[in-house]
Amino acid sequence: MNNISTWRVVCTFRRALWFSFVTAPALFFFVGFVFLSFNNSLAGEFMEEARSLVADAPPGKVWDCVPPRNTSPEDSLPPVPSVKPVCERVLVDADTWQRSTDTFIRHVYLWLAILGAGIWWSWNGMKESLVIVLWLKEKAGKILPTMRGER
């Protein structure tokens, strides 16, 4: 019986890890990919973005979009309502841009894995977590005597 309960805990843990780190992020990325493909051609979007990153940029640099800097008004006249640009295009080092983009993708994956773990736990992990807790208590009871000296 001990081997069966140990095997059940191991299988439950394996299913939770597989869903959290593989299935859930893959489903989210796939659904996002499908929704992005409804608007335009994905290959066209990739080509356009690649061109905007390297067009007229020197070797080893790419164009990046950063939030505009706040400039202090030099005169005391009330500002004229205008549309501010969402970002400023600046040249950045290609390696720096690559590292920041890779870090962003890893953070998205990590958050999707955490979300997947939460979804797995809410769907079937609550009862399985109880099984794991009871199994751990049983193991601890065999190793450590209880407060009353019982085993």
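Just so it is clear, none of the values below were taken in a lab; they were calculated from the coordinates. This one's a predicted model, so the numbers in the text were calculated from it and none came from an experiment. Every residue, glycine as well, gets a Cβ built from its backbone with ideal geometry; the counts of neighbours run over all protein chains shown.
Quick notes on this one:
- In this simple spin-label approximation, Lys127 and Phe104 carry label points 7 Å from Cα along the Cα→Cβ vector, and these lie 4.3 nm apart.
- Summing charges over all other residues whose Cβ lies under 14 Å from the Cβ of Thr23, with Lys and Arg as +1 and Asp and Glu as -1, gives +2.
- Rounded, prolate or oblate (a/c below 1.5 giving rounded, otherwise prolate when a/b exceeds b/c) for segment 10-68 by Cα gyration tensor: prolate
- Inter-label distance for Glu48 and Val86, nm, one decimal - labels placed 7 Å from Cα along Cα-to-Cβ: 1.2
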